Amino acid sequence: QVQLVESGGGLVQPGGSLRLSCAASGSIFIIYTMTWYRQAPGKQRELVATITDGGGTNYADSVKGRFTISRDNGKNTMYLQMTSLNPEDTGVYSCYAYIRPMGSTHVGSYWGQGTQVTVST
């Protein structure tokens, strides 16, 4: 059973930093594109950043220059380094990935459970 588990969320003051992690576990053959999404209270979920298995990245305009997405393929883990946080960054951050399990020819999509990030004084 493939699972994604996020960690690293919490309460931070404006201007602060946080590093989120998304670890994939289970019998995994390969992980393709991985993505961070966030959902603020009362708002629709939005894409934050994406990273391909080759390391190509893409960011939402609202986080460019402040957030950095990366991944460690050996650890099946994706990261989101967030700096210069402001209250508008508050929300539940979830990871999403396309994964081919071991022994399968099917590529499935998986969601993590989410981690809360709150930027406030």
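The values are calculated or read from the model by the stated rules, or taken from the named source; none is laboratory data. A quick note: this is a predicted structure, and the numbers were derived from the prediction, not measured. Ligands, DNA and RNA are stripped out before the accessible areas are found, and what is left, the full protein with its side chains, is counted by its heavy atoms. Shrake-Rupley method; radii C 1.70, N 1.55, O 1.52, S 1.80 Å.
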**Request:** Using a 1.4 angstrom probe, figure out how much accessible area the chain has per residue, in square angstrom, rounded to the nearest whole.
**Result:** 52
**Prompt:** Taking all protein chains as present, what is the carbon and sulfur share of the accessible area of the chain, in % to the nearest whole number, probe 1.4 Å?
**Reply:** 47
**Request:** Compute the separation of the alpha-carbon centres of the stretch 5-25 and the stretch 43-121 and state it in Å as a whole number.
**Result:** 10
**Request:** Under a 10 Å cutoff between Cα atoms, tell me which one of G103, G65, G54 has the largest fluctuation in the Gaussian network model of the chain.
**Result:** G103
